[in-house]
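Here the structure comes first, spelled out in structure tokens, and everything after it is commentary.
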Amino acid sequence: MLEKWLLESNYTVVFTGAGMSTESGLPDFRSSKGLWKKKDPARLASTDALNNNVHEFIDFYRDRVLGVKEYQPHEGHLILAKWEKQGIIQSIITQNVDGFHQLAGSKKVAELHGTLQKLHCQACGNIYSSEEYINEEYYCVCGGILRPSVVLFGESLPEKAFQFALEEAHKSELFIVLGSSLTVTPANQFPLIAKEQGSKLVIVNHDPTEFDMYADHVIRDRKIGEVLQQLSKNI
Ligand code: APR
């Protein structure tokens, strides 16, 4: 059925969460082995942590930067990039900060939560590569602290990515969620916006989500990589 929908749809948008990158080796957040099962996001991934708990904040994010440098996109990322080139999908809205969609070759990607591939100075905004963290360089030439260019809890989403995602959700005829618990707002509103304007909604996710009841099709029992490889054989 999904093959048929993918071939019939004139505008397909893929929405990804951390479950898209677990098969690359990166942990997700809320499944049984997720990051937030062991660590408290409020203590680590928040503006409060950056301002009042900076050493733990930097340790946490240096680990995650090392992770995205150590692992790489898997077959599923490459299939999505191939489908964009073939015109089978039109864009990707991602909550992920690993940059794996772009590394796999996807061009039209909205990074709702920013990226771990870059850092910027908390004081002057200067942009650096996240290699600085790997080299244990934590300060800007201006003396300000360098932080990853991710959206921390308590911060608003990047305007450009948000607007692009909004346009894509409104244009979509088929909206496919891959690997998200859909628990974080406002990112979790995009599947609803797509559905409300007439899009077919598909959710591929191991754990149930609160949006499954709105979906036209839910796949729980197969990994994302396997689903994408199976589809890629048939279209
Ligand atoms: N195949 C299918 N589903 C998977 C796979 C897989 N290989 N691996 C994990 N999953 C599912 C899990 O069951 C889980 O429900 O992916 C989902 C990932 O959900 P979360 O860990 O909550 O990740 P996400 O939805 O992306 O979190 C949103 O929360 O902490 C913030 O900013 C962070 O962007 C993140 C946001």
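The values are calculated or read from the model by the stated rules, or taken from the named source; none is laboratory data. Just so we're clear, the structure is a prediction, and the values are computed from it rather than from any experiment. In this analysis, Cβ positions are derived from the backbone assuming ideal geometry, glycine residues included, and neighbour counts consider all displayed protein chains. Areas reflect the complete protein model, heavy atoms only, side chains present, ligands, DNA and RNA absent. Shrake-Rupley method; radii C 1.70, N 1.55, O 1.52, S 1.80 Å.
If eta is 0.692 mPa s and T is 37 °C, what Stokes-Einstein diffusion coefficient results for the chain, Kirkwood Rh from Cα pairs, in µm²/s?
In µm²/s, the coefficient is 180.
At q = 0.10, 0.12, 0.20 Å⁻¹, what base-10 log of I(q)/I(0) does the Debye formula yield for segment 1-93 when every alpha carbon is treated as an equal point scatterer in vacuo?
-0.40, -0.54, -1.00
Once you place label points 7 Å from the Cα toward the Cβ at Ala123 and Asp48, how far apart are they in nm?
With each label placed 7 Å out from Cα toward Cβ, I get 2.6 nm.
What are the extents of the Cα atoms of segment 77-203 along their three principal axes, in Å, largest first?
Extents along the principal axes: 51, 30, 23 Å.
Kindly express, to the nearest 10 degrees and within the range 0 to 90, the angle between helix 159-171's C-alpha long axis and the longest C-alpha principal axis of the chain.
For 159-171 against the chain, the angle is about 10 degrees.
How large is the accessible surface per residue of the chain, computed with a 1.4 Å probe and reported in Å² as a whole number?
Here the per-residue accessible area is 47 Å².
Cβ neighbours within 10 Å, averaged per peptide: list 169-175, 83-89 in order, most packed at the top.
169-175, 83-89
Tell me the carbon and sulfur percent of the accessible area for the chain, rounded to whole percent, probe radius 1.4 Å.
Carbon-and-sulfur percentage of accessible area, whole number: 51.
Using only the Cα atoms of segment 164-235, what semi-axes does the equivalent ellipsoid have when each is the square root of 5 times a gyration tensor eigenvalue? Give whole Å, largest first.
In descending order, the three semi-axes are 20, 15, 10 Å.
Just to verify a number: what accessible area does Leu157 come out at with the full protein assembly present, 1.4 Å probe, Å² rounded to tens?
Spelled out: Leu157, probe radius 1.4 Å, area about 30 Å².
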